[in-house]
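Some notes on the structure that comes next.
Bear in mind that the values in this text are calculations on the coordinates, not laboratory data. These figures come from a predicted structure and were not determined experimentally. FYI the Cβ positions are ideal-geometry reconstructions off the backbone, even for glycines, and counts take in every protein chain you see.
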Amino acid sequence: MNAAAKMSDLVKVGPVLSRRMMLGAGSGLVLALSLPARAADAPPKYGRDAQEQGWRDDPRIFVALAPDGTVTITCHRAEMGQGIRSSLAMVIADELGADWARVRLTQADGDEERYGNQNTDGSRSMRHWLLPMRRCGAAMRMMLEQAAAAQLGVPAAELSSGGHKVSHAKSGRSVDYGALATAAAKLAVPPRDLVKLKDDSALGMVGQEGIRSLDFAAMTTGTAQYGIDATMPGMVFAAVARPPVLGSKVVSFDASAAKAVAGVIDVIELPAPVTPPMFQPLGGVAVIARNSWAAMKARDALKIEWSASPHDSYDSVTYRARSLELARQPGEVHRSRGDTTGVLAKSAKRISAEYSAPHIAHATMEPPAAVVKCDGTSCEAIACVQAPGGTRDMLGAMLKLDKSKVTVHQTLLGGGFGRKSKPDFVAEAALLSRSLNGTPVKIVWSREDDIRHGYYHTTSVQRLEANLDSGVPTAWLHRIVSPSIVSIFADGITREQGWELEMGPINTPFAIPNLQVETGEAIAHARIGWFRSVYNIPHAFAIQSFAAELAHAAGQDQKDYLLRLIGPDRVIDPRTLGDTNGSEDPDLYPIDTKRLKGVVEAAAAGIGWGRKKKGWGYGIACHRSFLAYTAVAFAVSVDKGKLTVHRADIAIDCGAQVNLDRIRAQMEGAVMMGLSLALTGEISFKKGAVEQGSFDDYPVLRIDGAPRELAVHLVGQNLKAPPSGVGEPGLPPVAPALCNAIFAATGKRIRDLPIRDQLSKA
């Protein structure tokens, strides 16, 4: 069958854009938070202002209480190892007074009209859902108490809840939650202004250590269901030969050898995407087979002639050289305070440095995977996506189906890092299933598919200049040449956009009177996508490395000098820096330099800053991202080119800290991932094609590269404070802290990532 004609109506699908993207039970009691239709990423404000954002506290969607007392909590966020399913359930259960052993989890399908925003990115899940989930649990508790009051014949004010029951102290009687489920289900939800949260001191799980994950047993015994595990009756398997260069198209193909492979059912051409690429499949030729092995072997046997592409000449080496030329020239000004260029021109002591970082791939342990059934009148998908609601919208638009005819079941994710909020792989399976008249099609990308055809983290070249006439700079110039994520959504985008520059350069909180940020032209020759911590990674690398270089040039201690750069304790309105603050309320989330200095001091104290050990070097860096403050310190040595990381200390101040074990795990993971990216993370292009293919030439950190000791320091716990991000903020300070430590140990300054072969000369 040649299905190209059937799929020629592939439409240009506009994405559901998030803030980051900038352009998204029986007769028992069923309770939850209900949300009206709204913009995909309008966040609720923290605290009393949440109601102003259109959020209602009607607890009839997320929680189900069965007559046997089992509490089932529906999670509408993606679980990809960060522990959000258990964390949100913990918040509800704690307010409810439920027995944690009687709590179960279920995963929501994609439905943003029902659940609100489901795009799990930007470290927003707890930030946006802590208070709504607390109110959800509290409202449910009050309804159970009202039902118990009627059953026991006592005033509700005399009752208390906890331990999965409602108790009456005066009479010594109590009623299990399950016995109240049917009666409570008939009651009205209490008005929002009457919902009373527990005092923070009465919470038994939130903010505590050692709370058991509800997913832990399934994840460690192999019974957890990921996208790669998904099945449908009668499904077939697909492997796709995608164009080696972005923008290349199929001219012709010979499928005779592929069709001769046992188990092959059909060979189908996928249409080339229209521009801009967005989340469309890349096109190519797909092999349909009865098993995945046959599909992959037959794909290898295809003979395909590809067209020329505008990106055929993309070469990482020459692109970096050109970017350096642009970084040395005046660029487009995005922030200017004072007279930076004038002060620098008159300075007697002027320091400059240039930093570069390559593309990197997400390389999640579980590659993109989906199984989809689409017969032209409806579509059902099971997939490891970070944005099930957005995936549903995309499928509906692409297939020209009403959303009511599209179902997206979200599985657990074996890692996400931003890759799996781009559902191109789900679209591939949907198009192929439709071409097969509704036969379910399963696609699992191979590691080579994942490395060579992903959405890559941007490449970056940056130049910084500062004066040191008075020991600390009075002028700071930051030039950036880096392609923008927006290039996948709109043509003609040739430099970083404002929201991307807010990830470090625009909102640098240094006490420097003259500061200017500029960008140079950077055309995207690959699909640029968001990656864990996004542009904070290269920006923090340059800013924090340069801060350490200035300290050395000034002959001062690196940590002390960093604190001097941050300056006196002050609270800065982000708007005064041209920073939209990630669309969050600047009154709730100002830039607080005291908190930034606090994590620097915590990491430094942990590493034992100031101690001397022969051959060892100490490095430190800090960064504010996703409204949280983090700092990392390393102690390292280098012997004959071999790096040993003796110790790492990472400190975070993220406001309200809910699930302490998961915060620690996220910080530990950030250190490991940050080390891996800094040491070996590189995707390079030659003649428009990716040069790497798997973990042999795109390696991840091995155990011998991990720190001998690793400590996490949780700073500033305050459950009354607005919660901020956790999943992403730990990553940005890792590379600069590591390079600063290597310099302290060896005297070799590393300005270009990855570090890899540069240590042989140290």
Handout entry: Partnerless Cys - the chain, beta-carbon criterion under 4.7 Å
Key = Cys75, Cys136, Cys384, Cys622, Cys654, Cys739
Exercise for the section: Would you please name the trypsin sites (Lys or Arg not before Pro) within the stretch 391-452 that are DSSP coil residues with at most 12 other C-beta atoms within 10 Å of their C-beta? Expected result: Lys400
Problem - Leading residue at positive end of dipole, the stretch 502-604 (Cβ point charges), from Pro538, Asn581, Gln516 - result: Pro538
Problem - Unit charges on C-beta of K, R, D, E only; dipole of the chain, Debye - result: 800
Practice task
Please arrange Leu131, Leu203 by counting, for each residue, the other beta carbons lying within 10 Å of its beta carbon, fewest first.
Solution key: Leu203, Leu131
Problem - For the stretch 201-287: rounded, prolate or oblate by the Cα gyration tensor [a/c cutoff 1.5] - result: oblate
Handout entry: Stretchable slack from Asp68 to Asp560, in nm (0.36 nm times residue separation minus alpha-carbon distance)
Key = 171.1 nm
Problem - Loop trypsin sites (Lys or Arg not before Pro), the stretch 601-645 (other Cβ atoms within 10 Å of the site Cβ: 15 or fewer; DSSP) - result: Arg611, Lys612, Lys613, Lys614, Lys640
Handout entry: Part-to-part distance (alpha-carbon centres) for the stretch 712-762 and the stretch 526-546, which is given in Å
Key = 12
Practice task
Go ahead and run the numbers for FRET between Thr318 and Thr182, Cβ-Cβ distance against an R0 of 56 Å, rounding to 0.05.
Solution key: 0.20
Exercise for the section: Please give the peptides 159-172, 649-662 ranked by average Cβ packing (other Cβ atoms within 10 Å per residue), highest first, as a rough proxy for protection. Expected result: 649-662, 159-172
Handout entry: Mean ellipticity per residue at 222 nm, deg cm²/dmol - from DSSP H runs of n ≥ 4 across the chain, formula -39500 (n - 2.57)
Key = -8000 deg cm²/dmol
Completion exercise
Simple SL model, points at 7 angstrom along Cα→Cβ for Ser760 and Ala348; separation in nm is 4.4
Handout entry: Extended-chain gain in nm, criterion 0.36 nm per residue less alpha-carbon gap, Ser694 and Val251
Key = 156.7 nm
Practice task
Would you mind pulling out the separation of the Cα centroids of the stretch 56-130 and the stretch 290-304, in Å?
Solution key: 41
Practice task
Subtract the Cα-Cα distance of Val274 and Lys170 from 0.36 nm times their separation in residues, and report this length gain in nm to one decimal.
Solution key: 30.3 nm
Handout entry: R0 of 41 Å, Cβ-Cβ distance Lys748-Asn437: FRET efficiency to nearest 0.05
Key = 0.10
Problem - Volume in Å³ per residue [convex hull over Cα atoms, computed for the stretch 535-625] - result: 117
Problem - Subset of Lys373/Lys442; Lys373/Lys403; Lys559/Lys613; Lys687/Lys761 violating a 20 Å alpha-carbon distance limit - result: Lys687/Lys761
Fill in the blank from the handout: Going from the fewest other Cβ atoms within 10 Å to the most, one would list Ile485, Ile703 as Ile703, Ile485
Practice task
Enter the Cα centre distance for the pair the stretch 184-208 and the stretch 397-453, rounded to the nearest angstrom.
Solution key: 39
